[in-house]
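Written below as structure tokens is the structure these notes are about.
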Amino acid sequence: MFVNNLNRCSHRHKSPSSTSSIFYYLHRSFSLWSMKKDPDLESALSRNRRWIVNNQIKNIILRYPNQDAPVKFLQKKFKTLDLQGKALNWLKKYPCCFDVYLQNDEYHCKLSKRMLFLVEEEESVKEMQEPVFVERLSKLLMLSVNHRLNVVKLNELKRNLGFPDDYLIRILPKYPDTFRFVNHSGRRSSMEIELLSWNPDLAISAVEVSARKQGSSKPCFSCSLPSTWVKSWERFNEFNATPYISPYVDSRGLLEGSKEMEKRIVGLVHELLSLTLWKKMSIVKLGHFKREFNLPEKLNILLLKHPGIFYVSNKYQIYTVLLREGYNGSELIDKDPLVVVKDKFGELMQEGLHEYNRRRYEVNLEKQRKKGIVSVRKEKRKEGSTEMTEQDDSGDKLGGLFDPEERKRFYKVLFDDDAP
């Protein structure tokens, strides 16, 4: 249906601007696959996006010899970070995080002292959190059909789950009775982690834990919608009236397309999101585990059917599902110790961005004074506004919707009826 509509769109526009018309149609089509926007949750995603980019830059610098990377080298990495424009401009926006200096006519970048202090604190927290990582990985494997997960796929989620980059060699060898590596084909891409022992104490979902805290014997989902969403509340209450099915129960006996299977899938996605640091996950990445978690082909449609439980956003044209109950407004309710450290990183970013904006304002003001320009109207600057919009600097925009590889994945997951 999507392809047919696209063909009709292309035949309808024979002018040179037909390409832009097609892209306009694509943009409209993509926008249909998200819910009514929640300003608070959109704000949370916006903050998190900038943190993700700078965290990746931090990791690149830490892996570079002497932790001192040429800006030219970082520029080459910008495409993988889904960024456009000059790396130098981006780095200068965060002077509290990155020290940029000129050496032999070439710009270099290293982490600031305050940033290095946070890196040490983060490593300390990761060491203390090792038992939590083991439980989290065990629960993830318990949710999978065969209690095995591909290492390459799992690596896509490691930062969502808070796992260290070297978790395969740092954590797994310490627990030979719990995990083992399996590779039947011999190919590196086929390596899997298998769960060796089932722990019944871990086979309790976040929904069941919440019910026990409230003294209820009947686990059920919570709805975080305004009371004015009458029809959505009616559908939610009807869905919630049927018995809860634990995601840790074997699903192979359930009929595909049945209400029981839908209940189990909603519970499974809820549990997966509960295991993540920010109670959110890319739908594209989640779709990579359809076989392992027995998820439906039309996962995105199922998520959109339950707006009281999940919030689906296409912020930055990256389809993301959030667990509504995990947030109070734009703030995460239960913060993992790692999130607390990462919040400090975010505060440092904001401090640097505020300093950058202040300096830029003063430089522009000085230029106006030198030119003899007298401002008739008083400058109106919002108090506490330190966040630059993505349109402030056309040279540093976040990546667009139509990245070829990302577009292919979107099509396969969201629009292709015959996607494997």
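Could you order 117, 236 so the one with the most accessible surface comes first? Probe is 1.4 Å. Kindly include the intermediate steps, with their values, before the conclusion.
Working: 117 130, 236 20 Å².
Output order, biggest surface exposure first: 117, 236.
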- Counting only DSSP loop positions in the range 219-259, the trypsin sites (Lys or Arg not before Pro) whose Cβ has at most 15 other Cβ atoms within 10 Å are 252
- Message: Can you compute the modelled spin-label distance between residue 145 and residue 202, with each label point 7 Å from Cα toward Cβ, in nm?
- Response: 2.1
- Stretched out fully, how many nm does the piece from residue 79 to residue 181 gain, at 0.36 nm a residue minus the Cα gap? 33.4 nm
- Query: So for the pair residue 43, residue 305, with labels modelled 7 Å out along Cα→Cβ, what separation do we get in nm?
  - Reply: 3.3
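Subtracting the Cα-Cα distance from 0.36 nm times the residue separation, let me have the gained length for residue 234 to residue 159 in nm, one decimal. Mind showing how you got there, number by number?
Working: separation 75, 0.36 × 75 = 27.00 nm, distance 3.64 nm.
Taking residue 234 through residue 159 to full extension adds about 23.4 nm, to one decimal.
Stretched out fully, how many nm does the piece from residue 290 to residue 62 gain, at 0.36 nm a residue minus the Cα gap? Please report the intermediate quantities before stating the final value.
Working: separation 228, 0.36 × 228 = 82.08 nm, distance 3.42 nm.
Using 0.36 nm per residue and subtracting the Cα-Cα distance, I get 78.7 nm.
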- Query: Given the C-alpha centroids of the range 250-293 and the range 327-346, what is the distance between them in whole angstrom?
  - Reply: 24
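Counting other Cβ atoms within 10 Å of each Cβ, which GluC sites (Glu not before Pro) in the range 247-354 have at most 13 and sit in a DSSP loop? Write down the numbers at each step before the final one.
Values: sites: 256, 260, 262, 271, 292, 297, 325, 331, 347, 351; in loops: 256, 297.
Those that pass, being in a loop and sparsely packed, are 256.
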- Item | Cross-link pairs 37/280; 36/290; 93/280; 76/110 - those with Cα-Cα distance over 19 Å | 36/290; 93/280
- Which value, in Å² and to the nearest 10, is the accessible area of residue 193 when all protein chains are kept and the probe is 1.4 Å? 0
- Note on the structure: Working note, the range 72-212: Cα radius of gyration (Å, one decimal) and Dmax (Å, whole number) are 20.2, 64
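The values are calculated or read from the model by the stated rules, or taken from the named source; none is laboratory data. Note that the structure is a prediction, hence the values are computed from the model and not measured. Reconstructed Cβ throughout: ideal geometry from the backbone, glycine too, with neighbour counts over all protein chains shown. What goes into the accessible areas is simple: the full protein's heavy atoms, side chains included, and nothing from ligands, DNA or RNA. Shrake-Rupley method; radii C 1.70, N 1.55, O 1.52, S 1.80 Å.
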